[in-house]
1. Out of A:40, A:44, A:51, A:68, I need the residue that is in contact (Cβ under 8 Å) with a residue 24 or more places away in the chain, within 14 Å of another protein chain (Cβ to nearest Cβ) and of a type in the set (Val, Ile, Thr). Which one?
2. Can you go through A:548, A:516, A:492 and tell me which one is charged (D, E, K, R) and at pLDDT 90 or above?
3. Filter the range A:293-312 down to the residues that are touching a residue at least 12 places away in the same chain (Cβ under 8 Å) and in a helix (DSSP H, G or I), then identify the one that is farthest from residue A:385 (Cα to Cα).
4. Go over the candidates B:180, B:161 one by one and state the one that is away from chain A (no Cβ under 14 Å), in contact with a Phe, Trp or Tyr (Cβ under 7 Å, 6 or more places away or on another chain) and farther than 27 Å from residue A:69 by Cβ.
5. With respect to residue A:112, is the statement that it is touching a strand residue (DSSP E or B) at 6+ places or on another chain (Cβ under 6 Å), within 24 Å of residue A:188 (Cβ to Cβ), touching a residue at least 40 places away in the same chain (Cβ under 8 Å) and more than 14 Å from chain B (Cβ to nearest Cβ) true?
6. Which residues, counting only those in the range B:260-273, are modelled with pLDDT of 90 or more and within 18 Å of the chain's Cα centre (by Cα)?
7. Which of the residues spanning the range B:106-125 are within 14 Å of chain A (Cβ to nearest Cβ) and buried (at least 24 other Cβ atoms within 10 Å of the Cβ)?
8. Considering each of B:192, B:128 in turn, give the residue that is among the β-branched types (Val, Ile, Thr) and within 14 Å of another protein chain (Cβ to nearest Cβ).
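The values are calculated or read from the model by the stated rules, or taken from the named source; none is laboratory data. Everything numeric in this text was worked out from a predicted model, so none of it was measured. Cβ placement follows ideal geometry from the backbone for every residue including glycine, while neighbour counts extend to all protein chains displayed.
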Amino acid sequence: MFGMAVFVLFVFYGLLTYHQMQVLKQDLQTSYQNLANDEIRVAIDTAHLDIKKHAVEFASWEEVTQQIDNPYYYAYWYNHRSLNAGVVPDYVVDVAIYDKSGNVLSKIASSTLPDAVTEDALTSYIDINKDKVEMVVFEKIEKESPSGIFQGYISMRSNLIPELIEFKQYNYVDHDSIKIKSTEVSKLLVSDFSRYISYDLRPNPIVDDMVGIVKDMLFRMALIIIVPTLLMYPFVSYLVAKPLKAISRHIDSLKNKTASIEANSLAKKLPVSELEKVRNSLNEYHQQLFEVHKSLDDKNRELWNMAHHDPLTGALNRRAFDEHWRSITQMFSGGRMDICLAIFDVNNFKALNDTYGHQLGDEVLKGIAQSIMKVLRKGEHLYRLGGDEFATVFINCTEQEALHVAERCHQAVVDCPFNDQGVLEPVRISIGLSETRNVPDHEMLLALQWQADVAMYSAKQPGKANIAVFSEEMTDKIKGIFSSWVNNIVYEAIASGDDIVIFYQPIVRLEDRVVEYYEALVRIEHDGKMVLPSDVFQIVEARSLDAEMDIAILEKIYHDLGSGKIPTGTGVSINVSGLSIVTKDVLEILYKFTRFIDDYKLVIEVTETSLITQIEAASKNLNKLREKGFYIALDDFGSGYSSVRYLGTMPVDIVKFDISLIRSLADESQQLIVKHLAEMIAGTGHKLVAEGIETEDLLKKVNELEFFYGQGYLFGRPEPRPLEQPGLLDGTHSS
Amino acid sequence: MSNPNISRRYLASICLIISALIVAPVAAKTVELSFDNKRVVTAEFSQGGAEAPAIIILHGFLQTREFHTVMRIYNALSESGYSVLAPTLSLGLNRRQKSLACEAIHFHSMETDLAEIDLWVRWLNKETGKKVILLGHSAGSVQLVAYVDQFEDAPVAQGIYISLGHFGRGIGSAENPVDYQRAVASIKKGNTGLEKYAMSYCKEYLTTPQNYASYYEWGKEKILSALNKNRIPLHVIYGSKDQRIDKSWMKKIEASGLKVISIEGANHFFVSEYEFDLQDAIDNILPGM
């Protein structure tokens, strides 16, 4: 390649140099031609002068005078003496003598000179007749004497070409080549004669030598380049090109993974040590690359496993399920296929967890997952969708086969010896099945999950056999909860935040009924239709969307605070789930709220139940929030376990008594318990909130107790725009 | 021992060279005279002192006064103070300056030449008031002999004839009796046209039979006859190595009683060192001033 480039470069350079040389030669030739033209003109002038000089000499010849004095023998003299006496040079071909009147002394038949001349017509001229070019000149005959006596005229005809050829000073004209262009021209002026002459230029030795030198140089350079190149080609080919090709082939084979590291093609030692080094480096590099690849593959597999497996149960996780479902959707959309989806849910797992603690709950989940995986067939995988919910997908499986597998799964769980782990109650799972057959409808595939959910919910219903296959009838019964419309709206609202509307219900100080702060209550409104909060939270809880939902709500509240929607000097109480309180993203958003701490009272409401599950991490985060100025409220106190022990350890500032406790004030027997409970908790420094105050009677009773705040329709319903002054409304609904 | 003659010649040569270098050039002029109202004839004239003898020097056949032998004698005599006239015979050419080629048309004759000589002799005589010493070279000597013979009243004092030759038949001459007979025949026929002859050193000589005969008739006998008239003192000078003049002619001259001076080793033109010997001889002949 390099050789070819050098060759091409050389050819280009050679042609360029040759071209330049030709241009230079042409220029010199033109200059040479001009000089030659000048030279010819000088030669003609010189010849003219020379002929004139001879004409003068002839005119002064005494025999000419003799002929004038005695022209009697002029014809004889003309024929025998005029040109033969050595007075005129050989190129003079004719002469004539004229008397004072200009008449020739005697007419000579053979003479080509004029028979008469006049004083005013003595200009020299040139006759061209075929190959003969003759110059005719005239002179006066004036005898040399002090008086210069005029005696007559002479004319002289001279052959011009020999005179031109004999011109001694030709440097540019090849004198032997001087010729006449025109065949017949008469009485041509001497000054015009050069135009009728053709001639060749003399060889220009400088230019010719220079061109020769350049040609010779180019030829030698060509030899210098081509010959060594040809000689060296096999050697270079053996030393470099061949090994490089071998290395290249080796690299190709490595790329195609068809060659081993020690490929036979490169097993031989290479002739150049550097290339041998390259070969070794290549092999070593490939070896290292191979090992890195292997390590990366291992890591990838490990990462994939970590990313796609639930570390607790060993089942595939929600991510793996989603990917698998997407691949199924893409793979089978438009094709004919049978797909069956089974969703497993542990019955009463929350209670189990609450009762035995989540550690044992985890062990239960682990045992359930392993039991199910044992009975699944080859190619069937178990996915943990979240919490106690599992799923598996049957492809090209009949409903009966799927149902049979589901029964085996259920039986496997039944047979699992959870008693050995201390669980006294029987652990059961509910299985919902949904299927689509030969319906290559994308929407149907998407609906399978919802249908399996519905079936699973149906299977949990009392009296069912814990296994249910989806049917249209189930839809009507649980439409409110599992409506795909509601599902979609909730999902969309969480994702975009567009349909989420925050309603604010005032919480007032009971002593003066001044709004201390507002509880932010989420509503989802889509196309003018309001989704019931109970439906929203069921879906959120069922889909484990707590954190995502809380984030969406927090963003809205944050915006309302920033826009001044909420009166300064009041505050906002925000419900945060137990799961969200230990979620980093939620905490970070909450930290952003600290910019409003000086103007607003910010309260985080958490439920007792949610705190219990992760008490340690939750307490830690709540303490951080308190340090930043947040108040922590324990919501729905009295609706669950209401453990006073836990209350003592929790970082809580405000305790909101559940509406059921407040309503129980109407009952005298219950009133006392609530009274003492309130006194006790208030006594520990907590401020108490009475929820659900809807009547003055109830308010009166609340006022008799240690409650500091009140909330309920009596003070104000939840409104999109916070009420600045609490009203005393009659209402029948609580928040 | 060195040859005393040779030593003398060398000495004379050196003296002449020195004198030529240091002596101021003699005033000379070209004299032009109209001859026969047809042409102008010219001569070189050097005026000598009032008492100086007048000498006319005549060139050879078809030559001019510029001929080296003639010109050297002219210069030497001029420098010696003689009044010297060196004409160029026109030979029919107006103001002739160059020797006339053999092949040219020759319109001149012995008669026209003698008439020109007479013109110049009389002009010199008139110019100097002295009788003229005639000094000729080669054919010029012949023409002077003829002049003295033909012009009895010519104011001449002496004749010095160098390399005196002759026309007509003889060794060293191109003329031959056949040509002459042809010329005589032509003359008898009244032919006046040009004919080709041989004359003197010219093998081709184009002239009329009359002109040719005028020269041819001045052969040995006619010259000896003229010389023997002894009208004026005569001296004849020869070069001993003259190839143009046969020895018999020299002997005839000597035998006629004329004063003959022979310069040993010189040729017809007295070239080289012999010109000094010639000059010495002339000096010895000429009267003193």
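1. Result of the check over A:40, A:44, A:51, A:68: A:68.
2. Checking each option against the conditions leaves just A:516.
3. A:307
4. Only one candidate qualifies: B:180.
5. Taking the combined requirement at face value, the residue satisfies it.
6. The answer is B:260, B:261, B:262, B:263, B:266, B:267, B:268, B:269, B:270.
7. Across the range B:106-125, the qualifying residue is only B:106.
8. It is B:192.
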